[in-house]
Amino acid sequence: MTLPFQIDLSGRVAVITGGGGVLCAEFGRALASCGAKVALLDLDGNAAERQAAAIRAQGGTAIGIATNVLERPSLEHAAATVLAHFGPCDLLLNGAGGNNPKGTTSKESYESGDLADPAVSSFFDLDQQAVEFVFKLNFMGTLLPTQVFAQQMLDRPGCAIINMSSMNAFRPLTKIPAYSGAKAAISNFTQWLAVHFADAGIRVNAIAPGFFETAQNQTLLIDQVSGKYTERAEKIIAHTPMRRFGITDDLLGTLLWLASPQASGFVNGIVVPVDGGFSAYSGV
Ligand code: NAD
C-alpha cells in the first residue's frame with residue numbers, strides 16, 4: 001500500500017464494516033497509517049481480527065470485531081466494544097456489501113426462447129430471496145450501522161460517514177439488477193443522510209469504485225478454466241478510457257480526502273466515481 005498523502009487522524013476513531021474484505025481491509029490500513037484507531041467489523045470475525053493484527057504488526061491501533069451489519073444487537077455490541085476500547089466513533093465507513101449469483105441473469109439481454117430454456121437463467125428466474133438478500137445486505141447493511149454508530153457522532157465536530165456505492169448506481173450494469181438497484185439506493189441514501197445530518201455536524205459522502213479485481217467479482221471477470229479475462233472483463237476494459245482495472249491504491253486518495261475535515265469539510269452529499277473514466281464514456 002502506498003499512501004498518496006498523509007492526513008492527521010490521530011486520536012480519531014474509524015469504524016469500518018466489511019473490514020475483513022479486500023477493499024475495506026486496505027482502507028483500514030490507510031486510516032491507521034494516518035493515526036486513526038481502527039475497528040474492523042465483519043461477519044467473518046476471523047478475517048476482521050486477522051486484518052486488525054496486520055495493522056497492529058505495522059505499529060497501528062486496530063481491533064477486529066465479529067459483527068453482522070443486518071442485526072441490530074450485533075451492531076450494538078460492536079458499538080459498545082468500540083466505545084470501551086477507543087472512545088466514540090468519528091468516522092464510519094459502510095463497506096459491507098455484495099451481490100448474489102441467484103440475483104444475476106446469465107445473459108445481457110432476453111432472447112426468444114430463454115423462458116423455456118433450463119440452461120438460461122433469465123430475468124424470470126431471478127430468485128426472490130437472493131434479490132431480497134442483495135437489497136438487504138447493501139441498503140439495510142448501510143442504514144443499520146449508521147443508526148447505531150451515528151449516535152456516537154452527534155454534535156461532535158469533524159465526524160463523517162463514507163458509504164460504498166458503485167458504477168452501476170449511475171447506470172445499471174447488465175446481468176446484475178439487484179446489485180445495481182441496491183447500490184443506486186446507497187447513492188440516494190447518501191444524499192438523504194447528508195441533508196438530514198447537516199445540522200448535527202456529520203458529513204455523509206460515498207465512493208463509487210469502477211471495476212476492481214476482487215474476490216467478489218472474480219467469477220464474472222476471470223474465466224475459471226483458462227484463467228483469462230472473460231468477454232465481460234474485456235468489454236469493461238474497452239469501455240474504460242484508462243484501459244485497465246482499478247487497484248485498491250487508486251481509491252485511497254479519495255478515501256483520505258473525504259475522511260479529512262480539513263480537506264473536505266464543506267463537501268457533503270456527493271458520490272465520487274473512481275473509475276478510470278468509465279462513467280464519463282458514452283461508448284463512441
Ligand atoms: P469483499 O467481498 O472483499 O468484502 C466485503 C466484506 O463484507 C467481506 O469481508 C464480508 O465478510 C463482509 N460481509 C458480508 N456480509 C456481511 C454482514 N452481513 N455483516 C458484516 N460483514 C459482512 O468486497 P470488496 O470488493 O472489498 O467491496 C467492498 C465494498 O465495495 C462493497 O460494498 C462492494 O459492494 C463495494 N464495491 C466493490 C467494487 C469492486 O470492484 N470490488 C466495486 C464497487 C463497489
field: Sorted peptide list for 196-202, 116-122, 254-260, criterion being average Cβ within 10 angstrom, highest first
entry: 254-260, 196-202, 116-122
- request: Let me know the whole percent of all Cα-Cα pairs from the chain that are separated by more than 30 Å.
  value: 29 percent
message: Which one, V204, V225, V195, has the greatest fluctuation when you compute a Gaussian network model over the chain with C-alpha springs under 10 angstrom?
response: V225
field: Straight-distance crosslink candidates among aspartates and glutamates, where the alpha carbon sits under 20 Å from K136 and sequence neighbours closer than 8 are dropped
entry: D42, D44, E71, E76, D125, D127
- prompt: Could you put T67, T248 in order, starting from the residue whose Cβ has the fewest other Cβ atoms within 10 Å?
  reply: T248, T67
message: Nearest 5 percent is fine: what portion of the DSSP beta bridges confined to the chain is antiparallel?
response: 5 percent
- line: For R12, the residues 5 or more places away or on another chain with a placed amide H closer than 5 Å to its own amide H are K37
- prompt: In what order do K37, K183 fall by count of nearby beta-carbon atoms within 10 Å, going from fewest to most?
  reply: K37, K183
message: So if I average 1/r over every pair of distinct C-alpha atoms in the range 26-137 and take the inverse, what Kirkwood radius in Å does that give?
response: 16.6 Å
- prompt: Rg and Dmax of the range 176-228 over Cα atoms: what are they, in angstrom?
  reply: 16.5, 54
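All of the numbers you see were taken from the coordinates with simple rules; none came from a lab. Since we're looking at a predicted model, the values are computed, not measured. Please note: Cβ atoms are built from the backbone with ideal geometry, for glycine as well, and neighbour counts cover all protein chains shown.
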